[in-house]
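Q: Take a look at the following structure, please.
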Amino acid sequence: MGRTREAGCVAAGVVIGAGACYCVYKLTWGRDENEKILDEDEESMDTSETGVETVKGAKANVGAGSGAKLHGDSKVKPEVSLGLENCPGVKEKVHSGSHSGGGLEAKAKALFNMLKEQASTKAGKGVRMGIISGNRTLAPSLPCPGGRGGGCHPTRSGSRAGGKANGKSKGKARSKSTRAPATTWPVRRGKFNFPYKIDDILSAPDLQKVLNILERTNDPFIQEVALVTLGNNAAYSFNQNAIRELGGVPIIAKLIKTKDPIIREKTYNALNNLSVNAENQGKIKTYISQVCDDTMVCRLDSAVQMAGLRLLTNMTVTNHYQHLLSYSFPDFFALLFLGNHFTKIQIMKLIINFTENPAMTRELVSCKVPSELISLFNKEWDREILLNILTLFENINDNIKSEGLASSRKEFSRSSLFFLFKESGVCVKKIKALANHNDLVVKVKVLKVLTKL
């Protein structure tokens with residue numbers, strides 16, 4: 001069995017080798033023979049002038065193998081010598097063939113074969129012919145290395161290699177994309193390792209480092225992280241004092257002027273936590289008018305507006321700085337009518353702070369308010385809004401009595417808060433209608449207000 005298997009392997013190898021040789025013959029030698037037969041048939045039908053055209057065809061094939069650009073009406077001898085400068089034998093045959101008429105077909109066939117061999121040899125060695133430039137330059141718009149695809153993107157300085165076999169002009173080569181990739185990466189994400197976590201409770205030296213970073217950077221991402229870190233630490237009383245003593249209030253407050261709404265929101269949040277401390281309020285009061293103006297003009301119901309309203313509410317818990325915001329009373333009531341549910345609640349908390357200071361009553365009731373404000377006394381509103389608007393009405397009614405403003409009704413216009421709450425009688429009717437409210441807490445509040453009328 002062993003010898004039989006060996007004999008079978010040898011036979012199989014012989015068959016495979018014979019097949020491979022036959023394929024090589026058909027792809028190379030067989031194709032050459034077919035081309036020779038076709039050439040013989042064409043040459044037998046042509047004159048001596050036709051023989052010159054055959055040389056042109058040979059020259060054209062050389063150009064096709066090397067990627068050269070051909071000119072249709074040029075002479076034969078210069079074109080052949082251009083491509084085959086190192087083949088004097090070919091030149092001699094061309095000259096002899098052009099002078100003698102006999103044996104032209106055989107000489108043309110020999111010339112064709114030699115040209116074809118020369119072309120295939122040079123193409124195998126990568127030699128370019130004619131005016132093709134082999135220089136490669138890096139495209140200025142692409143990086144090297146590290147571009148997409150993991151390498152450089154070269155471009156040719158000359159025309160594209162590999163012309164068509166008919167020798168026609170290739171025309172304009174396709175231009176590669178000149179779109180430049182992004183050369184600079186944004187710094188907002190992951191380019192800076194912040195030394196602390198935003199929820200870390202920091203000591204005074206660490207707070208100083210964060211303040212230094214915040215003061216020196218212009219990167220919005222770093223500013224946001226630093227502000228959140230400072231705001232979280234300002235929730236603790238010992239850090240509220242530390243940030244103020246380190247000069248942190250002006251450093252934080254300078255970012256109120258930034259155009260980035262996220263930065264302004266984080267700034268207001270940090271100042272809001274710091275404003276719980278009475279001494280910090282004395283530092284923040286310098287910026288309270290600027291905060292108020294920005295809160296009124298920023299996008300309605302936005303996070304920046306809510307953060308600004310919270311800061312203003314904290315700053316007006318005491319009576320020390322309320323007079324700084326009295327010029328904004330009409331804006332507060334307009335926002336109370338226009339804002340959404342959360343904005344209404346926050347602005348009412350702010351106005352209630354003013355109503356609890358009798359000294360602010362005259363300025364408060366004399367401001368102009370929209371008549372639609374009366375719609376807040378409808379029973380469709382939820383408990384929180386109804387309780388706040390009833391508290392606001394109750395405080396104003398009490399202050400009008402205590403300040404003796406009821407006898408000075410001629411001082412107030414028909415569009416004033418005094419006329420809407422006291423003189424029109426519409427508010428009293430709305431409040432009486434709430435006496436049958438389904439919510440017990442609201443019903444008790446309504447009864448309390450009605451007993452004071």
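Q: Do we find a residue being modelled with pLDDT of 95 or more, under 23 Å from residue 316 (Cβ atoms) and open to solvent by less than 30 Å² (accessible area, probe 1.4 Å) anywhere in segment 421-428? It would help to see each step written out before you state the result.
A: Of all residues in segment 421-428, those modelled with pLDDT of 95 or more come to none.
The answer is no; no qualifying residue exists.
Q: Just give me the residues in segment 382-420 being open to solvent by 40 Å² or more (accessible area, probe 1.4 Å) and in contact with a strand residue (DSSP E or B) (Cβ under 9 Å, 6 or more places away or on another chain), in sequence order.
A: Those that are open to solvent by 40 Å² or more (accessible area, probe 1.4 Å) and in contact with a strand residue (DSSP E or B) (Cβ under 9 Å, 6 or more places away or on another chain): 413, 415.
Q: Counting just the residues of segment 278-292 that are surrounded by fewer than 18 Cβ atoms within 10 Å (Cβ to Cβ) and touching a residue at least 12 places away in the same chain (Cβ under 8 Å), which one comes out nearest to residue 221 (Cα to Cα)?
A: We begin by selecting, within segment 278-292, every residue surrounded by fewer than 18 Cβ atoms within 10 Å (Cβ to Cβ); these are 278-279, 282, 285-286, 289-290.
Keeping just the survivors that are touching a residue at least 12 places away in the same chain (Cβ under 8 Å) gives 278-279, 285-286, 289-290.
On the way: 278: 31, 279: 30, 285: 27, 286: 27, 289: 27, 290: 24 Å.
In this case the residue turns out to be 290.
Q: Please enumerate the residues belonging to segment 398-423 that are touching a residue at least 12 places away in the same chain (Cβ under 8 Å) and not in a helix (DSSP H, G or I). Outline the logic, then answer.
A: To start, the set of residues in segment 398-423 that are touching a residue at least 12 places away in the same chain (Cβ under 8 Å) comprises 398-400, 402-403, 405-406, 409, 411-413, 415-418, 420-423.
405, 412, 413, 415, 416 - these are the residues of segment 398-423 that are touching a residue at least 12 places away in the same chain (Cβ under 8 Å) and not in a helix (DSSP H, G or I).
Q: Which residue out of 379, 368 is surrounded by fewer than 20 Cβ atoms within 10 Å (Cβ to Cβ), charged (D, E, K, R), closer than 24 Å to residue 426 by Cβ and touching a Pro at 6+ places or on another chain (Cβ under 8 Å)? Break it down into steps so the answer makes sense when it comes.
A: Details: 379 fails: touching a Pro at 6+ places or on another chain (Cβ under 8 Å).
When all the criteria are applied, what remains is 368.
Q: List pairs: first residue in segment 303-319 and open to solvent by 30 Å² or more (accessible area, probe 1.4 Å), second residue among the charged types (D, E, K, R) anywhere in the structure, Cβ distance under 6 angstrom, at least six positions apart or on different chains.
A: Matching pairs, first to second residue: 303/265.
Q: Okay, moving on. From 366, 326, grab the single residue that is modelled with pLDDT under 95, touching a helix residue (DSSP H, G or I) at 6+ places or on another chain (Cβ under 6 Å) and among the hydroxyl-bearing types (Ser, Thr, Tyr). Break it down into steps so the answer makes sense when it comes.
A: On the way: 366 fails: touching a helix residue (DSSP H, G or I) at 6+ places or on another chain (Cβ under 6 Å).
Of 366, 326, the one residue that is modelled with pLDDT under 95, touching a helix residue (DSSP H, G or I) at 6+ places or on another chain (Cβ under 6 Å) and among the hydroxyl-bearing types (Ser, Thr, Tyr) is 326.
Q: Here's something else I'd like to know. Looking at this structure, is residue 228 under 29 Å from the mean Cα position of the chain (by Cα), over 30 Å from residue 322 (Cα atoms) and aliphatic (A, V, I, L, M)? Give the steps one after another, and end with the answer.
A: Details: under 29 Å from the mean Cα position of the chain (by Cα): yes; over 30 Å from residue 322 (Cα atoms): no; aliphatic (A, V, I, L, M): yes.
Spelling it out, it is not the case that residue 228 is under 29 Å from the mean Cα position of the chain (by Cα), over 30 Å from residue 322 (Cα atoms) and aliphatic (A, V, I, L, M).
Q: Further question on the same structure: For segment 329-341, which positions are surrounded by fewer than 20 Cβ atoms within 10 Å (Cβ to Cβ) and either among the aromatic types (Phe, Trp, Tyr) or in the same structural domain as residue 263 (by the TED database) (or both)? Talk me through it step by step, then tell me what you get.
A: Applying the first criterion (surrounded by fewer than 20 Cβ atoms within 10 Å (Cβ to Cβ)) to segment 329-341 yields 330-331, 334, 337-341.
The one that is surrounded by fewer than 20 Cβ atoms within 10 Å (Cβ to Cβ) and either among the aromatic types (Phe, Trp, Tyr) or in the same structural domain as residue 263 (by the TED database) (or both): 337.
Q: Of all residues in segment 362-383, which are of a type in the set (D, E, K, R) and part of a loop (DSSP other than H, G, I, E, B)?
A: Quick first cut of segment 362-383, residues of a type in the set (D, E, K, R) only: 362-363, 368, 372, 379-380, 382-383.
379, 380, 382 - these are the residues of segment 362-383 that are of a type in the set (D, E, K, R) and part of a loop (DSSP other than H, G, I, E, B).
Q: Tell me whether segment 342-361 contains one or more residues that are at pLDDT 95 or above, part of a helix (DSSP H, G or I) and either among the small types (Gly, Ala, Ser) or open to solvent by 60 Å² or more (accessible area, probe 1.4 Å) (or both).
A: Yes, segment 342-361 contains a residue that is at pLDDT 95 or above, part of a helix (DSSP H, G or I) and either among the small types (Gly, Ala, Ser) or open to solvent by 60 Å² or more (accessible area, probe 1.4 Å) (or both).
The values are calculated or read from the model by the stated rules, or taken from the named source; none is laboratory data. Note that this is a predicted model, so its numbers are computed, not measured. Ideal geometry is used to build each Cβ from the backbone, glycine not excepted, and the neighbour counts take in all protein chains shown. In case anyone asks, the SASA skips ligands and DNA or RNA and just uses the protein heavy atoms, side chains included. Shrake-Rupley method; radii C 1.70, N 1.55, O 1.52, S 1.80 Å.
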